[in-house]
Each structure stands twice: as C-alpha cells, then as structure tokens.
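Inspection log for the structure reproduced underneath, given as structure tokens.
Where a number appears in this text, it was derived from the coordinates with a stated rule and is not lab data. Just so it is clear, the model here is predicted, and its values are computed rather than measured. Cβ atoms come from the backbone with ideal geometry, glycine included; neighbour counts cover every protein chain shown.
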Amino acid sequence: MSRRATERNPFWTGRDNAAVQDALSRKCGMCGANVGEDCNSIIDGGPLPGRIVHHYRVGESA
C-alpha cells in the first residue's frame, strides 16, 4: 500500500496506530469481533481486505 493511502486511511497502518489500538479496545458492532480481536468480513467471515478493523469500530469513540 502506498504511503499516501496509508496517511489517508490510518486504520490500515497496523496495530501500532493509536486509532487501531483504540478500536481494538471495544467490541465491534458490525461483525461482533471481541475486544482485542481483528474484525472479520460480514460476508464470508474471513479477514478484512487491507485493514484490521471496520471503519465503524474506529469511529465509535469519535
């Protein structure tokens, strides 16, 4: 992934990102992933393409 895309989409950067750490501190209301677990695709249950958590989970505390 390009640096520019990563800067626009901080949830793609990895677990060291503050927004991702904050999102992982609560259960996902979209896919039901528990605290500390990566989000899963609601379509097939597999990993999300190109990110760790759903946009919804990142925005819950905002």
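Residues whose amide H lies under 5 Å from that of ASN40, counting only those 5 or more places away or on a different chain, are ALA33; hydrogens are built 1.01 Å from N in the peptide plane. When peptides 48-57, 35-44 are sorted by average Cβ neighbour count within 10 Å, with the highest value leading, the order is 48-57, 35-44.
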